[in-house]
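Asks: Please see the structure below; I have some questions.
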Amino acid sequence: MPTTAPAAHAFADVTASESTLRRFLHGLPGVDAVGLEARAASLGTRSIKTTAKAYAIDLAISMIDLTTLEGADTPGKVRALAAKAVNPDPTDRTTPTTAAVCVYPDMVATAKAALKGSGVKVASVATAFPAGRAALPVKLADTADAIAAGADEIDMVIDRGAFLAGRYLEVFEQIAAIKAECGDRARLKVIFETGELSTYDNIRRASWLGMIAGADFIKTSTGKVAVNATPANTLLMLEAVRDFRAQTGVQIGVKPAGGIRNTKEAIKFLVLVNETAGADWLDNHWFRFGASSLLNDLLMQRQKLATGHYSGPDYVTVD
(Lines give C-alpha, C1' and ligand atoms only; values in the text may rest on other atoms or scores of the structure.)
Protein backbone atom coordinates (compact mmCIF):
# COMPACT_ATOMS: atom_id res chain seq x y z
CA MET A 1 0.00 0.00 0.00
CA PRO A 2 1.40 3.46 -0.87
CA THR A 3 2.80 5.56 1.96
CA THR A 4 3.79 9.18 2.35
CA ALA A 5 7.36 8.41 3.42
CA PRO A 6 9.14 9.29 0.14
CA ALA A 7 7.37 12.63 -0.31
CA ALA A 8 9.60 14.95 1.75
CA HIS A 9 12.78 13.45 0.28
CA ALA A 10 11.48 13.84 -3.26
CA PHE A 11 10.90 17.56 -2.68
CA ALA A 12 14.03 18.32 -0.65
CA ASP A 13 15.20 20.96 -3.15
CA VAL A 14 11.79 22.65 -3.10
CA THR A 15 11.79 22.97 0.68
CA ALA A 16 15.42 24.04 1.01
CA SER A 17 14.45 27.68 1.65
CA GLU A 18 11.51 30.03 1.84
CA SER A 19 12.24 31.35 -1.64
CA THR A 20 12.41 27.93 -3.33
CA LEU A 21 9.20 26.80 -1.63
CA ARG A 22 7.41 30.02 -2.58
CA ARG A 23 8.61 29.68 -6.16
CA PHE A 24 7.26 26.13 -6.35
CA LEU A 25 3.88 26.90 -4.77
CA HIS A 26 3.31 30.03 -6.83
CA GLY A 27 4.43 28.13 -9.92
CA LEU A 28 1.51 25.69 -9.65
CA PRO A 29 -1.09 26.18 -12.38
CA GLY A 30 -3.71 28.79 -11.54
CA VAL A 31 -7.21 27.54 -10.80
CA ASP A 32 -10.00 28.35 -13.26
CA ALA A 33 -12.66 29.07 -10.64
CA VAL A 34 -15.56 29.10 -13.11
CA GLY A 35 -14.46 25.82 -14.69
CA LEU A 36 -13.86 24.18 -11.31
CA GLU A 37 -17.29 25.09 -9.97
CA ALA A 38 -18.98 24.09 -13.23
CA ARG A 39 -17.33 20.65 -13.20
CA ALA A 40 -18.23 20.11 -9.54
CA ALA A 41 -21.84 21.08 -10.28
CA SER A 42 -21.96 18.87 -13.37
CA LEU A 43 -20.68 15.80 -11.53
CA GLY A 44 -23.25 16.46 -8.82
CA THR A 45 -26.10 15.88 -11.29
CA ARG A 46 -25.17 12.24 -11.98
CA SER A 47 -28.07 9.89 -11.29
CA ILE A 48 -27.51 6.69 -9.32
CA LYS A 49 -29.70 3.59 -9.62
CA THR A 50 -31.10 1.74 -6.60
CA THR A 51 -28.46 -1.02 -6.41
CA ALA A 52 -25.65 1.49 -6.81
CA LYS A 53 -27.28 3.74 -4.22
CA ALA A 54 -27.36 0.92 -1.67
CA TYR A 55 -23.65 0.31 -2.24
CA ALA A 56 -22.89 4.05 -2.02
CA ILE A 57 -24.79 4.41 1.26
CA ASP A 58 -22.87 1.56 2.90
CA LEU A 59 -19.60 2.93 1.53
CA ALA A 60 -20.38 6.40 2.87
CA ILE A 61 -21.23 4.99 6.33
CA SER A 62 -17.90 3.13 6.37
CA MET A 63 -16.08 6.39 5.54
CA ILE A 64 -17.47 8.53 8.36
CA ASP A 65 -15.31 9.93 11.13
CA LEU A 66 -18.16 10.19 13.63
CA THR A 67 -17.33 13.40 15.42
CA THR A 68 -18.02 15.25 18.64
CA LEU A 69 -15.91 18.33 19.27
CA GLU A 70 -17.84 20.39 21.80
CA GLY A 71 -16.84 22.00 25.05
CA ALA A 72 -19.68 20.11 26.73
CA ASP A 73 -18.44 16.65 25.67
CA THR A 74 -18.54 14.11 28.50
CA PRO A 75 -17.23 10.55 28.82
CA GLY A 76 -20.83 9.33 28.61
CA LYS A 77 -21.42 11.16 25.34
CA VAL A 78 -18.20 9.79 23.86
CA ARG A 79 -19.07 6.23 24.92
CA ALA A 80 -22.52 6.59 23.35
CA LEU A 81 -20.95 7.89 20.13
CA ALA A 82 -18.50 4.97 20.12
CA ALA A 83 -21.36 2.51 20.53
CA LYS A 84 -23.11 4.10 17.57
CA ALA A 85 -19.93 3.93 15.48
CA VAL A 86 -19.63 0.19 16.13
CA ASN A 87 -23.33 -0.56 15.69
CA PRO A 88 -24.94 2.31 13.77
CA ASP A 89 -28.32 0.59 13.34
CA PRO A 90 -29.20 -1.82 16.18
CA THR A 91 -32.09 -3.18 14.08
CA ASP A 92 -29.78 -4.26 11.25
CA ARG A 93 -26.47 -5.88 12.08
CA THR A 94 -25.40 -5.81 8.42
CA THR A 95 -24.87 -2.05 8.69
CA PRO A 96 -21.14 -1.30 8.38
CA THR A 97 -19.22 0.35 11.19
CA THR A 98 -17.95 3.89 10.72
CA ALA A 99 -14.26 4.45 10.02
CA ALA A 100 -13.43 6.32 13.20
CA VAL A 101 -14.64 8.34 16.14
CA CYS A 102 -13.08 11.82 16.31
CA VAL A 103 -12.74 13.57 19.68
CA TYR A 104 -10.62 16.03 21.63
CA PRO A 105 -7.36 14.66 23.09
CA ASP A 106 -8.71 14.40 26.63
CA MET A 107 -11.45 12.05 25.41
CA VAL A 108 -9.15 9.71 23.46
CA ALA A 109 -8.68 7.20 26.29
CA THR A 110 -12.45 6.99 26.82
CA ALA A 111 -13.06 6.42 23.10
CA LYS A 112 -10.22 3.89 22.87
CA ALA A 113 -11.63 1.79 25.70
CA ALA A 114 -15.14 1.92 24.27
CA LEU A 115 -13.96 0.88 20.80
CA LYS A 116 -11.57 -1.88 21.89
CA GLY A 117 -11.64 -4.82 19.49
CA SER A 118 -14.11 -3.16 17.07
CA GLY A 119 -11.72 -2.10 14.33
CA VAL A 120 -13.08 1.45 14.52
CA LYS A 121 -10.22 3.94 14.76
CA VAL A 122 -9.82 6.75 17.28
CA ALA A 123 -9.03 10.10 15.68
CA SER A 124 -8.05 13.09 17.76
CA VAL A 125 -7.84 16.73 16.82
CA ALA A 126 -4.66 18.38 18.01
CA THR A 127 -2.26 21.32 17.55
CA ALA A 128 -4.48 23.92 19.25
CA PHE A 129 -7.61 22.97 17.31
CA PRO A 130 -9.47 24.77 15.76
CA ALA A 131 -7.40 27.97 15.43
CA GLY A 132 -3.96 26.41 15.33
CA ARG A 133 -2.51 29.42 17.11
CA ALA A 134 0.06 28.04 19.54
CA ALA A 135 3.82 27.61 19.74
CA LEU A 136 5.21 24.46 18.14
CA PRO A 137 6.21 22.86 21.48
CA VAL A 138 2.59 23.18 22.62
CA LYS A 139 1.36 21.59 19.39
CA LEU A 140 3.85 18.75 19.72
CA ALA A 141 2.82 18.13 23.32
CA ASP A 142 -0.86 18.15 22.30
CA THR A 143 -0.11 15.55 19.63
CA ALA A 144 2.06 13.41 21.91
CA ASP A 145 -0.64 13.36 24.61
CA ALA A 146 -3.29 12.19 22.12
CA ILE A 147 -1.06 9.41 20.76
CA ALA A 148 -0.06 8.30 24.25
CA ALA A 149 -3.76 8.00 25.12
CA GLY A 150 -4.27 5.72 22.13
CA ALA A 151 -5.12 7.89 19.11
CA ASP A 152 -4.75 6.07 15.81
CA GLU A 153 -5.07 9.27 13.78
CA ILE A 154 -4.23 12.92 14.39
CA ASP A 155 -6.22 15.73 12.78
CA MET A 156 -3.95 18.79 12.97
CA VAL A 157 -4.71 22.35 11.88
CA ILE A 158 -2.30 24.57 10.00
CA ASP A 159 -1.54 28.11 11.11
CA ARG A 160 -3.65 29.96 8.55
CA GLY A 161 -2.16 33.29 9.62
CA ALA A 162 1.33 32.10 8.73
CA PHE A 163 0.13 30.62 5.45
CA LEU A 164 -1.76 33.75 4.36
CA ALA A 165 1.24 35.90 5.32
CA GLY A 166 3.36 33.83 2.94
CA ARG A 167 5.40 32.07 5.63
CA TYR A 168 5.12 28.77 3.80
CA LEU A 169 8.32 27.26 5.18
CA GLU A 170 7.09 27.81 8.74
CA VAL A 171 3.86 25.95 7.93
CA PHE A 172 5.83 23.18 6.19
CA GLU A 173 8.17 22.76 9.16
CA GLN A 174 5.28 22.57 11.62
CA ILE A 175 3.49 19.88 9.59
CA ALA A 176 6.75 17.95 9.20
CA ALA A 177 7.38 18.16 12.96
CA ILE A 178 3.89 16.87 13.79
CA LYS A 179 4.36 14.08 11.23
CA ALA A 180 7.63 13.12 12.92
CA GLU A 181 5.83 13.04 16.28
CA CYS A 182 3.20 10.73 14.78
CA GLY A 183 5.83 8.45 13.28
CA ASP A 184 4.36 5.04 12.52
CA ARG A 185 2.00 5.27 15.49
CA ALA A 186 -0.68 7.48 13.97
CA ARG A 187 -1.77 8.67 10.55
CA LEU A 188 -1.76 12.44 10.09
CA LYS A 189 -4.63 14.45 8.63
CA VAL A 190 -3.79 18.09 7.87
CA ILE A 191 -6.69 20.57 8.08
CA PHE A 192 -6.44 23.69 5.94
CA GLU A 193 -9.66 25.49 6.95
CA THR A 194 -10.39 26.16 3.28
CA GLY A 195 -13.08 28.71 4.16
CA GLU A 196 -10.34 30.99 5.51
CA LEU A 197 -7.88 30.57 2.63
CA SER A 198 -9.79 33.05 0.43
CA THR A 199 -8.92 31.65 -3.02
CA TYR A 200 -8.85 28.35 -4.88
CA ASP A 201 -5.21 29.03 -5.72
CA ASN A 202 -4.44 29.08 -2.00
CA ILE A 203 -6.29 25.78 -1.51
CA ARG A 204 -4.20 24.20 -4.26
CA ARG A 205 -1.00 25.58 -2.70
CA ALA A 206 -1.99 24.37 0.77
CA SER A 207 -2.77 20.92 -0.62
CA TRP A 208 0.66 20.55 -2.16
CA LEU A 209 2.36 22.04 0.89
CA GLY A 210 0.62 19.54 3.15
CA MET A 211 1.45 16.59 0.93
CA ILE A 212 5.10 17.56 0.56
CA ALA A 213 5.37 17.92 4.35
CA GLY A 214 4.15 14.37 4.95
CA ALA A 215 0.37 14.46 5.37
CA ASP A 216 -1.35 11.09 5.13
CA PHE A 217 -4.63 12.94 4.50
CA ILE A 218 -5.50 16.47 3.49
CA LYS A 219 -8.70 17.78 5.07
CA THR A 220 -10.88 20.73 4.15
CA SER A 221 -12.11 22.13 7.42
CA THR A 222 -12.60 22.08 11.16
CA GLY A 223 -16.37 22.39 10.91
CA LYS A 224 -16.10 25.48 13.12
CA VAL A 225 -16.33 28.22 10.48
CA ALA A 226 -19.05 29.42 8.12
CA VAL A 227 -17.68 27.79 4.94
CA ASN A 228 -16.56 24.18 5.29
CA ALA A 229 -16.43 21.34 2.74
CA THR A 230 -17.88 22.18 -0.67
CA PRO A 231 -17.92 20.11 -3.86
CA ALA A 232 -15.59 22.63 -5.52
CA ASN A 233 -12.91 22.78 -2.83
CA THR A 234 -13.02 18.99 -2.42
CA LEU A 235 -12.72 18.50 -6.19
CA LEU A 236 -9.65 20.73 -6.17
CA MET A 237 -8.06 18.69 -3.40
CA LEU A 238 -8.89 15.43 -5.19
CA GLU A 239 -7.13 16.76 -8.28
CA ALA A 240 -4.12 17.57 -6.11
CA VAL A 241 -3.83 14.06 -4.63
CA ARG A 242 -4.33 12.52 -8.07
CA ASP A 243 -1.56 14.65 -9.57
CA PHE A 244 0.70 14.10 -6.56
CA ARG A 245 0.46 10.33 -6.94
CA ALA A 246 1.08 10.59 -10.68
CA GLN A 247 4.25 12.57 -9.96
CA THR A 248 5.57 10.72 -6.89
CA GLY A 249 3.81 7.35 -6.66
CA VAL A 250 2.61 8.34 -3.19
CA GLN A 251 -1.11 8.16 -2.43
CA ILE A 252 -2.67 10.69 -0.03
CA GLY A 253 -6.18 10.60 1.41
CA VAL A 254 -8.81 13.35 1.35
CA LYS A 255 -11.31 14.26 4.07
CA PRO A 256 -14.07 16.82 3.46
CA ALA A 257 -15.47 17.91 6.82
CA GLY A 258 -18.35 20.10 7.93
CA GLY A 259 -21.60 20.87 6.16
CA ILE A 260 -22.25 17.43 4.60
CA ARG A 261 -25.54 16.51 6.21
CA ASN A 262 -27.54 14.20 3.95
CA THR A 263 -27.24 11.16 1.71
CA LYS A 264 -27.69 13.06 -1.53
CA GLU A 265 -24.74 15.32 -0.71
CA ALA A 266 -22.56 12.40 0.40
CA ILE A 267 -23.20 10.51 -2.83
CA LYS A 268 -22.24 13.62 -4.83
CA PHE A 269 -18.90 13.61 -3.05
CA LEU A 270 -18.38 9.91 -3.83
CA VAL A 271 -19.02 10.66 -7.51
CA LEU A 272 -16.39 13.42 -7.29
CA VAL A 273 -13.93 10.91 -5.87
CA ASN A 274 -14.57 8.29 -8.53
CA GLU A 275 -14.53 10.68 -11.47
CA THR A 276 -11.53 12.74 -10.32
CA ALA A 277 -9.08 10.66 -8.29
CA GLY A 278 -10.42 7.25 -9.30
CA ALA A 279 -11.62 4.04 -7.71
CA ASP A 280 -8.43 3.62 -5.67
CA TRP A 281 -9.73 6.34 -3.36
CA LEU A 282 -13.15 4.71 -2.85
CA ASP A 283 -12.05 3.13 0.41
CA ASN A 284 -12.04 4.48 3.94
CA HIS A 285 -8.25 4.20 4.07
CA TRP A 286 -8.14 7.03 1.52
CA PHE A 287 -11.39 8.97 1.81
CA ARG A 288 -13.35 10.07 4.87
CA PHE A 289 -16.30 12.26 5.75
CA GLY A 290 -15.93 14.42 8.85
CA ALA A 291 -19.50 14.49 10.09
CA SER A 292 -21.92 14.07 12.94
CA SER A 293 -25.46 14.45 11.56
CA LEU A 294 -24.74 12.73 8.20
CA LEU A 295 -24.86 9.21 9.65
CA ASN A 296 -28.51 9.47 10.72
CA ASP A 297 -29.67 10.47 7.25
CA LEU A 298 -27.66 7.65 5.67
CA LEU A 299 -29.29 5.20 8.09
CA MET A 300 -32.78 6.47 7.30
CA GLN A 301 -32.14 6.18 3.56
CA ARG A 302 -30.70 2.69 4.08
CA GLN A 303 -33.83 1.64 5.98
CA LYS A 304 -36.01 3.05 3.21
CA LEU A 305 -34.22 0.98 0.57
CA ALA A 306 -34.57 -2.14 2.70
CA THR A 307 -38.20 -1.73 3.77
CA GLY A 308 -39.75 0.46 1.08
CA HIS A 309 -40.82 3.16 3.50
CA TYR A 310 -39.13 6.10 5.16
CA SER A 311 -38.63 5.50 8.88
CA GLY A 312 -37.98 9.09 9.96
CA PRO A 313 -35.62 10.48 12.59
CA ASP A 314 -37.42 8.83 15.53
CA TYR A 315 -35.98 5.49 14.42
CA VAL A 316 -32.34 6.50 14.75
CA THR A 317 -30.44 7.60 17.82
CA VAL A 318 -29.90 11.29 18.51
CA ASP A 319 -26.21 12.23 18.79
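Asks: Surrounded by fewer than 21 Cβ atoms within 10 Å (Cβ to Cβ) and assigned to a helix (DSSP H, G or I), is that true of residue 184?
Replies: The answer is no for residue 184.
Asks: Would you confirm whether any residue within the range 19-40 is in a loop (DSSP other than H, G, I, E, B) and touching a strand residue (DSSP E or B) at 6+ places or on another chain (Cβ under 7 Å)?
Replies: No, the range 19-40 contains no residue that is in a loop (DSSP other than H, G, I, E, B) and touching a strand residue (DSSP E or B) at 6+ places or on another chain (Cβ under 7 Å).
Asks: On to the next question. Could you say which residue among 45, 20, 15, 50 is over 19 Å from residue 292 (Cβ atoms), out of contact with any Ser or Thr (no Cβ under 9 Å at 6 or more places or on another chain), open to solvent by less than 30 Å² (accessible area, probe 1.4 Å) and among the polar types (S, T, N, Q)?
Replies: Just a single option satisfies the conditions, and that option is 15.
The values are calculated or read from the model by the stated rules, or taken from the named source; none is laboratory data. Because the structure is predicted, anything quoted here is derived from the model rather than measured. FYI the Cβ positions are ideal-geometry reconstructions off the backbone, even for glycines, and counts take in every protein chain you see. Note: areas computed on protein heavy atoms with side chains; ligands, DNA, RNA excluded. Shrake-Rupley method; radii C 1.70, N 1.55, O 1.52, S 1.80 Å.
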